[in-house]
Amino acid sequence: MRVLKKICDGIGKVSEWSGWIAKFLVIVLIVSIAYDVGARYLFNAPTIWSYTFSYMLGTAIIAIGLPYVYYHNANVRVDVIYSKLRPRGRLILDVVLTALLFFPMVFLLVKVFGEDLWQAYLCGEVATDSIWYPILWPFKLVITLGLVFLFLQGIVTFIADLQRLFKGGNEP
Amino acid sequence: MTGVDPELVAFLMFGAAIVGILLGYPLVFILGGIAMFVGLVTLGPGVFTMFRLRIWGMMTNYTFLAVPLFVFMGLMVEKSGAAERLYGGLHLAFGGFRGGLAISTVLMGTILAACVGVIAASVIMIGLIAVPSMLQRGYSKELTCGSVCAGGTLGILIPPSLMLVIYGPMANLSVGKLFMGAFGPGLLLSALYMTYIAIRAWLKPHQAPPISVEERAVPRLKKLRLLLTGTIPPLFLMLSVLGAIFFGIAAPTEAAAIGALAATLLALAYRQFNWETLSYATLQTVRITSMALFIGWGAQMFVGVFLRLGGGDAITSLMLAAPFGSWGAFALIMLIIFILGMLIDWIGIVFIMVPLVAPLAPALGFDELWFGMMIVVNLQMSFMTPPMAYAIFYLKGIAKPEWQITTGHIIRGVIPFVVLIMVGLGLCIAFPQIILWLPHQMIKF
């Protein structure tokens, strides 16, 4: 059990760090787009990388943010009924629907994007929407990693919920 | 799956999603989980490729990048202290009139709306400043709460607005045009709110008394200076962002990046910029962006399966068969969105409903831009109609015990403003030019 707890704490830490990494990407995103606009109007020298680089950054912010948002339980819920349930009722609802919906969805997303990453790596796929032509697998690796850590954080939260459910603890 | 009508499956999946969402499990996993199951069972493993391509389409969409940028801009404005200065100037200028503080509140909401794109930021900012100020001077609790909720909600209508940034790509409309189209209805609602407050304060002076003479005894020059220093910086910020879009200098995403930088400069100028502010703004940006656009991924999966099963055609034929022709169909769509707005978060509504109903506009003979704006104005009510009403939640969330505000006060307070939004919708139907005039003046390039 102690090893398990250590692993769970470790994954929780990674989820917390993921928020910190994504934070810096926000600053890079603002500066890079503003730089492109400036380069185009002030120096008449538009960058070739801005378009592709920007959407990569934007998606990286979302993907890396996923475990962080899940860890902080910040996904939108319509909690009109949920907030009226007793803590035990909430735990049961979360556990059942996580098993039924969260795990299949995120597992299959990991599979779908993981296979796509593998293909991109094997054939050296490049992005063709600008004349920059960067290789795509590092970008797809970030997406897959975000989903993998979302899945792991899901397992950790699931175990914690189960423990609380069976110990009969009443904290929310 | 033979023998089962695929359209029936599509509608069952919709019903299951509504039930799941109302139970309170996170929206995105309900949508994605149901789509996975139904898709796999009815369409087979080929559905995975569709999911990947649809989500990839969202990931590589340049317009959606405006979401993190506008969120950051709003958070920076919130932390810059611009709201306090703005209210400081406005309340001295208008406080002497009956209802003047409530009018200042709506005006502050209107001006801040042009700097932020999310209502959380504006309701909280306005509430914290204006509620104590109004209650101290004997304003009725209902009017206080109503004006804060209504004024704060303008943030998601008056551009830049996150709702429009998401609406555009989902309906294949230009976000820049949507921004310009939202000005008319936004200012119209703001004017309706202020007129209503003025009339109510004139009829029932004890609900909204003018501030005392001693308090107003500020030299006229100082009053003017406070008003100007309070209003000019946010207006300048607004012009830098919207002007760039209007004159075709920058795409909305680029304008948003400029706005994010400008808001940072504003915070610097007000000496509120430090590591803590930046850390807060960036982390909240990650949180909101990841949460909102991940719902988009889930909705893409859901809508993909729904359309593949023929749900879209079923909706079209259902709407075209509505009584009273295209206006009957229009009324039905508006009613559905109004009811969904009571129950579900707006992000879910826009991501799911827009791909399904926006294609109906040309079929029914409506202007797409006008039709979209009617949906967006309609969704203004969703923030104030319980049980799922963000403006009420946020105001309740920041209410201090000494204010003695209950949810009942807030709900009674917002009812007149919801009615005013319906009046606004009626005016936009009678005079479509309110929406369409400004986008037609835009410089095309």
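Read-outs: derived from the displayed coordinates by stated rules, not from any lab. These numbers were taken from a predicted model, which means no experiment stands behind them. Neighbour counts are summed over all protein chains in view; Cβ atoms, including those assigned to glycine, are modelled from backbone coordinates with ideal geometry.
Things to note:
- Calculated FRET efficiency for the pair A:ASP9/B:PHE247, C-beta based, R₀ 56 Å, to 0.05: 0.55
- Averaging the Cα positions of each part gives two centres, and for region B:311-384 and region B:219-242 these lie 39 Å apart.
- Per-peptide packing, taken as the mean over residues of other Cβ atoms within 10 Å, places B:253-259, B:183-189 in the sequence B:253-259, B:183-189 from highest down.
- Per-residue shielding of B:215-227, expressed as the average number of other chain Cβ atoms within 10 Å of the residue Cβ, stands at 0.
- Placing R0 at 22 angstrom, the Cβ-Cβ distance between B:LEU187 and B:LYS223 gives a FRET efficiency of 0.35 after rounding to 0.05.
- Applying 1/(1 + (r/R0)^6) with r as the Cβ-Cβ distance of B:THR406 and B:TRP202 and R0 = 22 angstrom yields a FRET efficiency of 0.20.
- Among A:100-107, A:3-10, the order from most to least packed when residues are scored by Cβ within 10 Å on average: A:100-107, A:3-10
- Spatial offset of region A:80-140 relative to region B:407-445 amounts to 38 Å, using the alpha carbon center of each.
- The protein assembly as shown: C-alpha gyration tensor shape, a/c 1.5 cut-off, then a/b vs b/c: rounded
- Per-residue extension of 0.36 nm, minus the Cα-Cα distance of B:ASP313 and B:TRP437, leaves a gain of 41.4 nm for this segment.
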